[in-house]
Amino acid sequence: NWLKKNYNFAETAKYLDELIVLNVRPSNSNKENFAEILKEISKDCFVPISAGGGISSIEDAKLLLKNGADKIVINSALHNNISLVTNLGKNFGSQCVVGSIDFIINGQKIEIYINNGTKLVSENINEYLTTIKSLPVGEVFINSISKDGTGTGLDLNLFKFIDINLNIPLIFSGGVGNWSHFYEGFKNKNIDAVSTANLFNFVSDGIKTSRKNLINNNINLPYFI
């Protein structure tokens, strides 16, 4: 109801390339409800939608794909259910599977968490990425837990710790609060896309203004009227 009242998808989607919708409190009882919400969102949003949260079976993925998702986002399964990720790739193709990583920089360590950022599962980002490279994953969505929601800029220090060539398109998230943060991300050779969940950007004309400023500063993006 809040989205319907405050978020004009038909208008805002003109300035987005993709929309990512995540169920951050997934449970067996609310998966159907989330799918219904996703269906409502997709009615007025004419850009590709990636959706995820609590996907633990092929049936969970099918439910989201039948209700408006173009791609599915996998997080915890990258650690505890690799066979599921493999089967998702076989059923839907790797282009349909987005691997999600939530991280915190803790001193000289990169801590990787699953279960909505509540369970630490690795302190070796290169090993984790190497595993993902071996799976049918078409994109990687990396989110900084520390920066998420702050609007203070991307945690680009992560790349000081990565010494492998991922060779998979990378979406970076966590900390975008204005157009200059997008700019910093796009200027980084490791990043292919930048995501924001900052509500101020969505409710106002922040996305439209950001895209215009990026194009004016020679970032190669399509211009939507």
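The values are calculated or read from the model by the stated rules, or taken from the named source; none is laboratory data. Just so it is clear, the model here is predicted, and its values are computed rather than measured. We place every Cβ from the backbone using ideal geometry, glycine too, and count neighbours over all the protein chains shown. The accessibility values were calculated without ligands, DNA or RNA, using every heavy atom of the protein model including side chains. Shrake-Rupley method; radii C 1.70, N 1.55, O 1.52, S 1.80 Å.
For segment 22-137, lysine pairs separated by 8 or more sequence positions, or belonging to different chains, with Cα-Cα distances below 23 Å total 22.
With a probe of 1.4 Å, find how much accessible area segment 74-144 has per residue, and write the answer as a whole number in Å². Before the final figure, lay out each step's value.
Details: 2950 Å² over 71 residues.
Heavy-atom accessible area per residue stands at 42 Å².
For n ≥ 4 DSSP H runs only, could you compute -39500 (n - 2.57) per run for the chain, divide by its residues and tell me the 222 nm figure to the nearest 500?
Per the formula, -9500 deg cm²/dmol.
Computed on segment 154-202, the Cα convex hull volume stands at 68 Å³ per residue. Couplings 3J(HN,Hα) of segment 36-47, computed from phi: 5, 5, 4, 4, 5, 4, 5, 4, 10, 10, 10, 10 Hz, in residue order, whole Hz [Karplus 6.51 cos²θ - 1.76 cosθ + 1.60, θ = phi - 60°; x for Gly and Pro].
Most simply put, the chain has about 25% antiparallel DSSP beta bridges, counting only bridges with both residues inside it.
Residues whose amide H lies under 5 Å from that of SER100, counting only those 5 or more places away or on a different chain, are ILE74, ASN75, PHE141; hydrogens are built 1.01 Å from N in the peptide plane.
Please give the charge dipole size of the chain, origin at the Cα centre, charges +1 on K and R Cβ atoms and -1 on D and E Cβ atoms. Round to the nearest 20 debye. Walk me through the intermediate numbers first.
Values: 21 positive and 21 negative charges, 56 e Å.
Its charge dipole is roughly 260 debye.
Only protein atoms count toward the accessible area here, which uses a 1.4 Å probe; on the chain, the carbon and sulfur part of that area reaches 48 percent.
Give the ranking of PHE172, PHE161 by solvent-accessible surface, highest area first, calculated with a 1.4 Å probe. Before the final figure, lay out the partial values.
Numbers: PHE172 0, PHE161 50 Å².
Most to least solvent-accessible, the answer reads PHE161, PHE172.
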